[in-house]
1. Could you work out [θ]222 nm for the chain from helices alone, using -39500 (n - 2.57) per DSSP H run of at least four and dividing by all its residues? Round to the nearest 500 deg cm²/dmol.
2. Using a ≥ b ≥ c from the Cα gyration tensor of segment 63-109 (square roots of the eigenvalues), is it rounded, prolate or oblate, where a/c under 1.5 gives rounded and otherwise the larger of a/b and b/c decides, a/b for prolate?
3. Compare the peptides 243-256, 94-107 by average per-residue count of other Cβ atoms within 10 angstrom and give them in order, highest first.
4. What share of Cα pairs, in percent, lie more than 13 angstrom apart in segment 235-294?
5. What is segment 9-290 by shape, rounded, prolate or oblate, if you read a ≥ b ≥ c off the alpha carbon gyration tensor as root eigenvalues and call it rounded for a/c under 1.5, prolate for a/b larger than b/c, and oblate otherwise?
6. Please tell me the relative contact order of the chain in percent, rounded to the nearest whole number, where contacts are Cα pairs under 8 Å and at least six residues apart.
7. Give the peptides 174-180, 151-157 in descending order of average Cβ contacts within 10 Å, highest first.
8. In debye to the nearest 20, how big a dipole does the chain give about its Cα centre with +1 on each Lys and Arg Cβ and -1 on each Asp and Glu Cβ?
Amino acid sequence: MSALPRAPLVLDLDASVGPLPGEQRLDLRVHQEALRFGCRRSTLAAFMAGIEPQLPAEPGTVFMGSGDFHHLSAALLARLADRGPFDVLVFDNHPDNMRYPWGIHCGSWVRAVAALPHVGHVQVIGIGSADAGWRHAWENHWLPLWRGRLSYRCLGADVGWARRAGLGQAIQGFQDEAELLHCLAREQAQAAGRPLYISIDKDVLDPRVARTNWDQGRLSEAGLMGALDLLRARPLVGSDITGDVSIYRYRSRLKRWLSGLDAQPQIDPLQLQGWQAQQHQLNLRLLARLQTLG
């Protein structure tokens, strides 16, 4: 008899994640200002130490709300040192490997994960944002790409600069979803049996699927589900989901300035409830699919 799926864990930081079957939910909204968008590494460490007694040893899929909290994935992955070595596969419209001098934030956390000794390789799938283009090439941390610890598989992004920089294997671009999935199928067949952690930021999806707090990619829901099905030959160590939609005004002037520089799209308060309902249904479908893996 197969084991029952592990219960999902909701780190409720922004009240954006609807009720999930069998969930464990921690009300952490008091930490929203401190953690959202970015924080000092010491702040993140203190937060994790504070909630550690409440965390299950082996949670099911962890939901963290807005993609503004995606850097919490780095802390969740750091907890899994005794489960390594394993790889990490991230679905995201952004590399999340950008330079950030004030600690760690939702666009820089991948570099920290690629440096963890129990993580073998990190791959970011579905990048379509300008962050992977030549104008922003200098903002990406090149060292994990050079060393083979990190790779990008982009969808619709112009990454010709990477070939000229000698990073043609680490950074590859695809013009359509079918081509990207074909590459993923080939790579996952070669990695069969190797343990894997999956992190999904729903901004990788076309905005017609669900609206998020960030500029969005081109992947369809069918494409994302198909990609997850390609991972069935790999033991699943854990998973998390961000990319829900919420509205928040920072008290911190620095965070207001930084989020303004990133040109986060404005969220229409009149449409928020409908967008969150759409996101909730998508969360249920993603959770059901992830519970069939591993």
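Quick note: the coordinates plus some simple rules give every number you see, no bench work behind them. All figures in this text were calculated on a predicted structure; none of them were measured in a lab. For neighbour counting, all protein chains shown are included, and Cβ atoms are generated from backbone atoms with ideal geometry for every residue, glycine included.
1. Rounded to the nearest 500, the figure is -8500 deg cm²/dmol.
2. The shape class here is prolate.
3. 94-107, 243-256
4. For segment 235-294, the share of Cα pairs beyond 13 Å comes to 72 percent.
5. Rounded shape, in that the Cα axes give a/c under 1.5.
6. After rounding, I find 20 percent.
7. Output ranking for 174-180, 151-157: 151-157, 174-180.
8. I would put it at about 620 debye.
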